[in-house]
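Data block below; observations after.
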Amino acid sequence: MRLSNLFTHSLLAALGLCGVVPREAAPPWPLNDEGGYTVEDFPFLDIVDKTALDPYMFLGKPDFGFPGVFRCLPFEEGDADPVGCSFVITKWEVWGDGDGNIVIKGGQCKAISLRCCQATVCAPKKIDVVVTPKELADLMWFKFSDKCIIQYTGAIYMDDGWDYLVMMGRPPRCQPKSYRPGAQRRSLGNESFWDQ
């Protein structure tokens, strides 16, 4: 029994779920602080400033028909905090309307962040997008968390038709100054869609 508890604690510590974070990444707030999350609503054109990520750098040029895209971000770009992300995923009800839906106006984004995790949902076109908190939670738990966040990387998802974008990564306040918007970044080999 004692060995099993030791194994479980070691596994959780390795995953970062016990609040064990590298010294240089330690957040300035308590590890168990669930109440200090921030909520933002901003224009899609400000996405790089508000998230420190350029989504089109990772999406590349779309194929014919604009099929959906899902990618884990490189560690140096995403580097998401799994504990903060687990709280962020549960907070999307904040944006719900009377019917429980989340409406993102065309050309707008909504973001929730806690500690060093930020989840952002955008409607990049001039078309309003309606999603439920359950749809977002399912995407963030079962796709983002299972494949990317557990490895301390962020994630990006664009649906079929490219009507809405979902990203999860580190907010700008947690990014080193060299990786903030405007800084020179390493190319991933895929050119930006807008540069074509």
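None of the figures in this text is laboratory data; all of them are computed from the coordinates on show. Model, not experiment: these values are computed from the prediction. Cβ coordinates were reconstructed from backbone atoms using ideal geometry, including for glycine residues, and neighbour counts include every protein chain displayed.
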* So how many Å³ per residue does the convex hull of the Cα atoms of the range 46-131 work out to? -> 115
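In a shell of Cβ-Cβ distance under 12 Å around GLY100, excluding GLY100 itself, what net charge do Lys and Arg (+1) and Asp and Glu (-1) give? Spell out each step's value before the answer.
Details: positive: LYS134; negative: GLU93, ASP97, ASP99, GLU135.
Value of the local net charge: -3.
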* Structure fact -> Interchain or sequence-distant (5+) residues whose placed amide H lies within less than 5 Å of the amide H of ASP79 are GLY154
* Residues of type lysines that LYS105 reaches as a straight line, Cα spacing below 18 Å, ignoring anything fewer than 8 places off in the same chain -> LYS50, LYS125, LYS126
